[in-house]
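Below: the structure, in structure tokens.
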Amino acid sequence: QVQLVESGGGLVQAGGSLRLSCAASGTIFSVNNMAWYRQAPGKQRELVAVITRGGIVNYADSVKGRFTISRDNAKNTIYLQMNSLKPEDTAVYYCNAYITGSQYWGPGTQVTVSS
């Protein structure tokens with residue numbers, strides 16, 4: 001059984017920073033793409049950033065230059081450094097990973113940015 005567990009969410013003022021972490025645990029043979037998604041109230045879940053096992057990254061236009069995704073393959077963990085946060089970044093952030101041919105989601109962590 002594979003589990004993804006996010007941490008690092010919280011309440012921050014606009015312009016502040018947060019760092020999210022997501023660790024994969026369980027029976028893991030290979031971890032391929034890992035990503036962060038977010039879902040704001042009343043909106044569809046959207047891709048925030050994705051990173052391949054080799055470290056190639058891609059970002060949503062709305063977070064380019066402010067967010068940085070990284071990963072530690074030895075720990076099966078990804079991170080999302082979020083700087084210059086805006087109220088519109090408020091959402092539940094979900095970790096996503098393709099592990100040994102299957103897709104997994106974390107339970108999500110709330111990020112709230114106050115104006």
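The values are calculated or read from the model by the stated rules, or taken from the named source; none is laboratory data. Here the structure is a predicted model, which is why all the values come from computation and not from measurement. Backbone-built Cβ (ideal geometry, glycine too); neighbour counts: all protein chains shown. Surface areas here come from the heavy atoms of the whole protein model, side chains and all, with no ligands, DNA or RNA. Shrake-Rupley method; radii C 1.70, N 1.55, O 1.52, S 1.80 Å.
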Say whether the condition of being open to solvent by less than 50 Å² (accessible area, probe 1.4 Å) and touching a helix residue (DSSP H, G or I) at 6+ places or on another chain (Cβ under 7 Å) is met by at least one residue in segment 90-113. yes
So, first residue over 18 Å from residue 50 (Cα atoms) in segment 11-23, second residue open to solvent by less than 20 Å² (accessible area, probe 1.4 Å) and of a type outside the set (Ser, Thr, Tyr), Cβ within less than 6 Å, six or more apart or across chains; the pairs are 12/85; 12/113; 14/113; 16/85
Residues located in segment 15-56, provided they are small (Gly, Ala, Ser), touching an Asp or Glu at 6+ places or on another chain (Cβ under 9 Å) and within 14 Å of residue 91 (Cα to Cα): 40
Would you pick out the residues in segment 16-37 that are farther than 14 Å from residue 72 by Cα and out of contact with any Ser or Thr (no Cβ under 6 Å at 6 or more places or on another chain)? 16, 17, 18, 19, 26, 27, 28, 36, 37
Can you confirm whether residue 49 is in a strand (DSSP E or B), surrounded by 15 or more Cβ atoms within 10 Å (Cβ to Cβ), in contact with a helix residue (DSSP H, G or I) (Cβ under 9 Å, 6 or more places away or on another chain) and not basic (Lys, Arg)? yes
A careful count of residues in segment 2-32 that are surrounded by 12 or more Cβ atoms within 10 Å (Cβ to Cβ), in a loop (DSSP other than H, G, I, E, B), modelled with pLDDT of 95 or more and more than 15 Å from the chain's Cα centre (by Cα) gives 2
Name the residue that is nearest to residue 24 (Cα to Cα), counting only residues in segment 37-46 that are in a strand (DSSP E or B) and open to solvent by 20 Å² or more (accessible area, probe 1.4 Å). 37
If we keep just the residues of segment 80-89 that are open to solvent by less than 40 Å² (accessible area, probe 1.4 Å) and in a strand (DSSP E or B), which is farthest from residue 30 (Cα to Cα)? 82
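Results for (1) open to solvent by less than 40 Å² (accessible area, probe 1.4 Å); (2) in a strand (DSSP E or B); (3) of a type in the set (A, V, I, L, M); (4) within 18 Å of residue 6 (Cβ to Cβ), shown as yes or no for each residue.
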| site | (1), (2), (3), (4) |
| --- | --- |
| 35 | yes, yes, yes, yes |
| 58 | no, yes, no, no |
| 62 | no, no, no, no |
| 68 | no, yes, no, yes |
| 78 | yes, yes, yes, yes |
